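Let me begin by presenting the structure, written as C-alpha cells, before commenting on it.
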Amino acid sequence: MAAAKIEQDAGAERAKPRSGKKKLILLALPLVLGGIGAGLWFGGILPGHHTPEHAVAAEAVPMNRQPVFVAMPDITANLNAPGRRAFIRLRSQMEVAGAHDAATLQAAMPRLVDLFTTYLREIRPEELRGSAGTHRLREELIARANIAASPARVTDVLFTEILVQ
C-alpha cells in the first residue's frame, strides 16, 4: 500500500499546473510570432501583399512640383508693451505647393491679414528677440495661415523684413 501511495504522489506531481513563467511563454510566443508575421506581411516582405490602389497612384505622381510664393501685404501693428509704445513692421511671403493653393491663398488674403495683425498685437517685444523668437513667430503664422486658407496648405513663411521698434 505504501508503494501505491508513492506512485500516486509522483503522478500528482506530474499533473500539477505549470508554473507562471511557462504559461507566460506559451501565451506570449504565439502573439509575438503573429505580430512579427503581420509586420512582415504588411511590410510587403511576405508574398501575397498587394499595395492599395491609392498608394500606387500617389507613387506615380511626380514629386517635382515647384513651390509658389505669394507676397503678403506689409503689416504694421502695435505690440503688447504696457507703459511704452512698441511697433512691428512685417513683410513676408507665403510658400505653397502649387498654383491652385496660391489662388486659394489670394482669395483668403483679407482673413490672413486680419489673423496676422490680431496675433501680432498680442505679442510682447521680448518674445521676438533672437532666432528662437523669429522661429516661434514663423510657426504661429504658418498655423494661422493653414487655418484661414484651408484647404490650401502653407508650407513656409519667409520673412523679407521684420522691424521692431
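Side notes on the structure shown:
- Any hit, the range 60-74, residues being of a type in the set (Val, Ile, Thr) and modelled with pLDDT of 75 or more: yes
- Considering the range 94-145, the residues that are surrounded by 14 or more Cβ atoms within 10 Å (Cβ to Cβ), of a type in the set (A, V, I, L, M, F, W, C) and farther than 20 Å from Val70 by Cβ include one that is modelled with the lowest pLDDT, namely Leu128.
The values are calculated or read from the model by the stated rules, or taken from the named source; none is laboratory data. The structure presented is a predicted model; accordingly, all values stated were derived computationally and were not measured. So basically every Cβ, Gly included, is an ideal-geometry build from the backbone, and we count neighbours across all protein chains shown.
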